[in-house]
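Data first, discussion second: the structure below is written as structure tokens.
Nothing in this text is a laboratory measurement; each read-out follows from the coordinates by a stated rule. Model, not experiment: these values are computed from the prediction. Here the Cβ positions follow ideal geometry from the backbone for every residue, glycine too, while neighbour counts run over all protein chains shown.
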Amino acid sequence: MRVSVIGCGHLGIPHAAAMAELGHKVIGVDVDQTKVDRLNAGECPIYETGLPELLARHTASGRLRFTTSIREAADLAELHFIGVGTPIDADGRSYDTAQVYGAIRQLAPHLNRPCTIVGKSTVTVGTTGQVTALAQRLAPAGTSVDVVWNPEFLREGHAVEDTLRPDRIIAGLTTAEGEKAIRAVYAPILDAGVPIFITDPQTAELAKGAANTFLGLKISYINAVADMCEAAGGDVSQIVDILGIDPRIGSGGMRPGIGYGGGCLPKDVRAFTASARQLGADQAATLLRAAEKINESRTDVALDLITRALGNRPIKGTRVTVWGAAFKPGTNDVRESPALALAHALQQAGATVTIHDPQAVATAMIRNPEFDYTDDLPASLDHADLTVLATEWAEYRKANPQALVDHPANPLLVDCRTTLDPEPWRATGWTVHQLGRPGK
């Protein structure tokens, strides 16, 4: 098929590259000429596992290209994916869908033949109907323009894998033409046995919010249990194993730490909570807001553990190395990063902070230039009084504690993601503290 992807960010770039991998001819659209030039040269402005290789391969083959001209995309494509951002609104609770409507207003006047618009962005329930009315009013093709809402369920760090091999596809639609287009564009994925759910638009819109919010609840729940373990002297890692073996629960998403972040989960939980209030489901909203509050408290919980690790001495004057800037491993996205939130809190408490990250140093420096950064792991520890593991990159789990022990002034490590096996570290002279686990 001839496909356009409007909006080239953390959603659009992986989606465009994946559509080319499926065999489609793809044109990506973005307003940033510098970004477009880099993408056309096969250079990836974001990091996602496997994405640089996929992008380079398909820009070189000619199957994938990028432009700033939305008219060019309208002339080429028969199916248009909308992958623009929907950040949280100024009220802090709902989605700002201005970019979605802006994309439709720019695209629709150039649609002079039957085509399908496929929304990927996360939106408030009811958006599909409003977008459909706007697109059909502005497009010369009128009601021959169909709109389908096809929410993405990407895990950042796994965006390529989750696009090419998703666990499900959801399509909220109202016409047979829309269903035909969705089945055609995803044919190789569906032929591989991935289930597809054909729903009405409202169900598709709610499904994305419900899925992400449930994950937020799960993360908040295990963090609450970790706090109980701290108080009782229990081991949260063993509790995760005990719960995870229950097929009704599962261990996915149950990693205690300093909370969830990124461009999706925080805003989706907030917006879904707001939707519950708007729909009059007050008890549901109360439950969801409780999960938010637990997540919001994680920085304070981590600071308390750090203070205890320091022997209840003041943080002021301490030289702290923070391992991790990205909100999760596998990506260079630092939006609402709990690691950076913790770094800020440490700095405000009077610490001198140096941050290491395998991939996100450049993006973190742009957003937070007030910190010192390095991409050299051993050097990041030089003269440190305290090391805080804040993002659970594999590089930290695989690090050789013996090779690192002589770099810091004090080999004291606080694992705020409960991701390390502490015994090899302790055996080589490190003192290790972890959230929700008894110290030894």
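Rounding to the nearest 10 and keeping the result within 0 to 90°, find how far the Cα-based axis of helix 265-278 lies from the longest principal axis of the chain.
Value to nearest ten degrees: 70.
So if each residue of separation counts as 0.36 nm, and I subtract the Cα-Cα distance between D167 and D300, what length gain in nm does that give? Before the final figure, lay out the partial values.
Working: separation 133, 0.36 × 133 = 47.88 nm, distance 3.54 nm.
Roughly 44.3 nm would be gained on extension.
Specify which residue in the list P378, A403, T299 is farthest towards the positive end of the charge dipole of the range 299-434, using unit charges on the beta carbon of Lys, Arg (+1) and Asp, Glu (-1), about the Cα centre.
Farthest along the dipole direction, towards plus: T299.
Calculate the dipole size of the chain relative to its Cα centre from +1 charges on Lys and Arg beta carbons and -1 charges on Asp and Glu beta carbons; express the result in debye to the nearest 20.
Working: 41 positive and 50 negative charges, 121 e Å.
Magnitude of the dipole: close to 580 debye.
If every alpha-carbon in the range 208-296 counts as one equal scatterer, what log10 I(q)/I(0) does Debye give at q = 0.13 1/Å?
Debye intensities relative to I(0), on a log10 scale: -0.44.
Using 0.36 nm per residue of separation minus the Cα-Cα distance, give me the extension gain between D282 and L76 in nm, one decimal.
On the way: separation 206, 0.36 × 206 = 74.16 nm, distance 4.71 nm.
69.4 nm is the gain from fully extending D282 to L76.
State the volume of the convex hull built on the alpha-carbon positions of the chain, expressed per residue in Å³ and rounded to an integer.
On the way: hull volume 65.2 nm³, N = 440.
Given the Cα convex hull of the chain, per-residue volume reads 148 Å³.
Give me the angle, in degrees from 0 to 90, between the Cα long axis of helix 176-185 and the longest principal axis of the Cα atoms of the chain, rounded to the nearest 10.
50 degrees
Counting pairs of alpha carbon atoms under 8 Å apart in space and at least six apart in sequence, what relative contact order in percent does the range 157-213 give?
Numbers: 46 pairs, mean separation 25.5, N = 57.
After rounding, I find 45 percent.
At a threshold of 8 angstrom on Cα-Cα distance, excluding pairs fewer than six apart, so keeping six or more, what relative contact order does the chain reach in percent? Show your work: numbers first, answer last.
Numbers: 896 pairs, mean separation 52.8, N = 440.
Here the relative contact order equals 12 percent.
Using the Cα centre of the range 2-199 as the reference point, and only Cβ charges (+1 on K/R, -1 on D/E), how large is the resulting charge dipole? Debye, rounded to the nearest 20.
Details: 18 positive and 22 negative charges, 94 e Å.
For the range 2-199, the charge dipole is close to 460 debye.
In the chain, with Lys and Arg counted as +1 and Asp and Glu as -1 at Cβ, which of these residues, L55, A204, P358, has the Cα nearest the positive end of the dipole, that is, farthest along it?
With unit charges placed on the Cβ atoms, the residue in question is A204.
With unit charges on the beta carbon (Lys/Arg positive, Asp/Glu negative), name the residue among T34, I13, Q106 whose Cα is farthest towards the positive pole of the charge dipole of the chain.
The Cα lying farthest towards the positive end belongs to Q106.
Name the trypsin sites (Lys or Arg not before Pro) in the range 78-170 that are in a loop by DSSP and that have at most 13 other C-beta atoms within 10 Å, would you?
Values: sites: R93, R105, K120, R137, R155, R168; in loops: R93, K120, R155, R168.
Here the sparse-neighbourhood loop sites are R168.
According to the square roots a ≥ b ≥ c of the eigenvalues of the Cα gyration tensor, what is the shape class of the range 2-199, taking rounded for a/c under 1.5, prolate for a/b larger than b/c otherwise, and oblate for the remainder? Display every interim value, and only then the final one.
Values: a/c = 1.28, a/b = 1.21, b/c = 1.06.
Rounded.
Assign unit charges at the C-beta atoms only (+1 for Lys and Arg, -1 for Asp and Glu), then state the dipole size of the range 208-296 relative to its Cα centre in Debye, rounded to the nearest 20.
Taking the Cα centre of the range 208-296 as origin, the dipole is about 440 debye.
Compute the helix-to-body angle for 98-107: its Cα long axis versus the longest principal axis of the chain, expressed 0 to 90° and rounded to tens.
30 degrees
With a/c under 1.5 counting as rounded, go ahead and sort the range 285-426 into rounded, prolate or oblate using the C-alpha gyration tensor (a ≥ b ≥ c being the square roots of the eigenvalues; past the cut-off, prolate if a/b is larger than b/c, else oblate). Intermediate values should be presented prior to the final figure.
Working: a/c = 1.44, a/b = 1.28, b/c = 1.12.
It comes out rounded by the Cα gyration axes.
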